[in-house]
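**Student:** Here's a structure for you.
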Amino acid sequence: LLREKMTGEDTTKRNLSSPNGKDEPPSKQQATQNGTTTSDPTKPMVIMVTGGSGLVGQGIRMFVESSKKDNEKWVYLSSKDGDIRDRKATEAIFEKFKPTHVIHLAAKVGGLFANMAQKVEFYRENTLINDNVMECCRIYKVDKLVSFLSTCIFPDKTTYPIDETMLHDGPPHPSNEGYAYAKRLIDTMNRAYAEQYGCNFTSIIPTNIYGPHDNFSIQNGHVIPGLIHKCYIAKKEGKPFTIWGSGTPLRQFIYSLDLAELTVWVMRDYHSPDPITLSVDEASEVSIKHVALSVAKAMKFEGEVIFDTTKSDGQFKKTACNKKLRSYKPDYKFHTMDEGIQKSVDWFVENYEKARK
């Protein structure tokens, strides 16, 4: 039930530029002056990742294995470690692991129909989860909390590209308003905790995530893992690879290990309650057709590719602006779509039996 899902504002205004006015994140000393806590960079760190068994959590694990610092101990939670909807269970987890830093990925998530049918549960359970994690971070004096938001919680009626300042500019789409309002409150409370208690809490807004350890369900998975599984079956059975819709809608996709690397950077070096969007550039937006043909190439599928135009395309584009990220990381190089899809396909084929599907 608790799965990884796959980002503030001071008391006067929001600002898309660097919080300290330069092309670098504010220092921990500056963050303290801005109402957030600071920590000793030489002391041992225990970084606890809620929802650590999901797509992003596994991406962080894979990245950290190649870039772990000597003073860092990483703990990846799953639902087996306790029900963080429950306050006592959450306190027990904090008592056990004594984290100095928390990356909060856990959430009650679901598809369109689940969100429409269970708005109360999506609101209540996510609110309980987030409140328990945030309040325990305060009580147990956690140095830094990084929570995940989503582009799907932005206003339904908006202009594009969307950026961090637009999160609360209107109601979300009615279909997922329970989930969306619960998630929006993270941003509100990050600023409130900073102002009232000096807590160093922030949040991340990722665009569409894909990569190893994704949910490759054709019915319930997201577009890229769903296409990878569908193409795998088409190749195995010698049938056409059929994609629903015309393939014309545009999306920004971020490879999970890129997101993992940037998330760890946010934890270590970005010290502001203001959310930050982690996304590829607007110029890297690609069509669903491009994605599907890239999947077919990576899978070495040589059969017929069909776009079923009797199926709905959905929203044409949902472009997000990463200007704030680029003010800190102007030279960061993301995986290209073809590179990321090839790695995702290779992982799925190699791990077919144990992959979520």
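The values are calculated or read from the model by the stated rules, or taken from the named source; none is laboratory data. No experiment lies behind these values; they were computed from the predicted model shown. No Cβ is skipped: glycine too gets one built from the backbone with ideal geometry, and neighbour counts run over all protein chains shown. Accessible surface is based on the protein model in full, side chains and every heavy atom, while ligands, DNA and RNA are left aside. Shrake-Rupley method; radii C 1.70, N 1.55, O 1.52, S 1.80 Å.
**Student:** Which ones in the stretch 242-284 are in contact with a strand residue (DSSP E or B) (Cβ under 9 Å, 6 or more places away or on another chain), more than 28 Å from His104 (Cβ to Cβ) and open to solvent by 10 Å² or more (accessible area, probe 1.4 Å)?
**Tutor:** Answer for the stretch 242-284, where residues must be in contact with a strand residue (DSSP E or B) (Cβ under 9 Å, 6 or more places away or on another chain), more than 28 Å from His104 (Cβ to Cβ) and open to solvent by 10 Å² or more (accessible area, probe 1.4 Å): Thr242, Trp244, Ser246, Thr248, Leu250.
**Student:** Scanning the stretch 155-165 for residues that are open to solvent by less than 20 Å² (accessible area, probe 1.4 Å) and not in a loop (DSSP other than H, G, I, E, B), which turns out farthest from Asn190 (Cα to Cα)?
**Tutor:** Ile162
**Student:** In the stretch 293-319, how many are open to solvent by less than 50 Å² (accessible area, probe 1.4 Å) and under 22 Å from Cys152 (Cβ atoms)?
**Tutor:** Qualifying residue count for the region: 1.
**Student:** Can I ask one more? Tally time: how many residues in the stretch 174-202 are over 17 Å from the mean Cα position of the chain (by Cα), surrounded by fewer than 24 Cβ atoms within 10 Å (Cβ to Cβ) and hydrophobic (A, V, I, L, M, F, W, C)?
**Tutor:** 2
**Student:** Is there any pair with a first residue in the stretch 338-357 that is over 21 Å from Val280 (Cβ atoms) and open to solvent by less than 40 Å² (accessible area, probe 1.4 Å) and a second that is assigned to a helix (DSSP H, G or I) and of a type in the set (A, V, I, L, M, F, W, C) whose Cβ atoms are under 6 Å apart and which are 6 or more apart or on different chains, and what are they?
**Tutor:** What qualifies is Phe348/Ile228; Ala355/Phe348.
**Student:** In the stretch 112-141, what count of residues is obtained for those that are basic (Lys, Arg) and in contact with a Phe, Trp or Tyr (Cβ under 9 Å, 6 or more places away or on another chain)? Let's see the steps before the verdict.
**Tutor:** Start the filter on the stretch 112-141 by keeping residues that are basic (Lys, Arg), which leaves 119, 124, 138, 141.
Then drop every residue that is not in contact with a Phe, Trp or Tyr (Cβ under 9 Å, 6 or more places away or on another chain), which leaves 119, 138.
The total comes to 2.
**Student:** Among helices (runs of 4 or more DSSP H) lying entirely in the stretch 61-151, which contain 1 or more residues that are open to solvent by 40 Å² or more (accessible area, probe 1.4 Å), over 18 Å from Met48 (Cα atoms) and in contact with a strand residue (DSSP E or B) (Cβ under 8 Å, 6 or more places away or on another chain)? Can you show your working first?
**Tutor:** Values: elements: 87-97, 112-117, 119-139.
Hits in the stretch 61-151: none.
**Student:** So is Ile205 open to solvent by less than 10 Å² (accessible area, probe 1.4 Å), part of a helix (DSSP H, G or I) and touching a strand residue (DSSP E or B) at 6+ places or on another chain (Cβ under 9 Å) or not? Break it down into steps so the answer makes sense when it comes.
**Tutor:** Details: open to solvent by less than 10 Å² (accessible area, probe 1.4 Å): yes; part of a helix (DSSP H, G or I): no; touching a strand residue (DSSP E or B) at 6+ places or on another chain (Cβ under 9 Å): yes.
Against the criterion (open to solvent by less than 10 Å² (accessible area, probe 1.4 Å), part of a helix (DSSP H, G or I) and touching a strand residue (DSSP E or B) at 6+ places or on another chain (Cβ under 9 Å)), Ile205 does not qualify.
**Student:** Please enumerate the residues belonging to the stretch 287-303 that are under 21 Å from the mean Cα position of the chain (by Cα) and on the phi > 0 side of the Ramachandran plot.
**Tutor:** Scanning the stretch 287-303 gives no hits.
**Student:** Report every pair of residues separated by at least 6 positions or lying on different chains whose Cβ atoms are under 8 Å apart, first residue within the stretch 304-333 and on the phi > 0 side of the Ramachandran plot, second modelled with pLDDT under 95.
**Tutor:** These pairs meet every condition: Gly314/Gly245; Gly314/Pro249.
**Student:** Run Ser147 past the list (1) under 25 Å from Asp313 (Cβ atoms); (2) at pLDDT 95 or above and report the number of the one that doesn't hold.
**Tutor:** It is condition (1) that Ser147 fails.
**Student:** Mind listing whichever residues of the stretch 220-238 are out of contact with any helix residue (DSSP H, G or I) (no Cβ under 8 Å at 6 or more places or on another chain) and either among the small types (Gly, Ala, Ser) or surrounded by fewer than 18 Cβ atoms within 10 Å (Cβ to Cβ) (or both)?
**Tutor:** Applying the first criterion (out of contact with any helix residue (DSSP H, G or I) (no Cβ under 8 Å at 6 or more places or on another chain)) to the stretch 220-238 yields 220, 222, 226, 230, 233-238.
Of everything in the stretch 220-238, those that are out of contact with any helix residue (DSSP H, G or I) (no Cβ under 8 Å at 6 or more places or on another chain) and either among the small types (Gly, Ala, Ser) or surrounded by fewer than 18 Cβ atoms within 10 Å (Cβ to Cβ) (or both) turn out to be Asn220, Gly226, Ile233, Ala234, Lys235, Lys236, Glu237, Gly238.
**Student:** Let me ask something additional. I'd like the residue in the stretch 152-191 that is at pLDDT below 95 and of a type in the set (Ser, Thr, Tyr) and, out of all such residues, is nearest to Gly52 (Cα to Cα).
**Tutor:** Ser175
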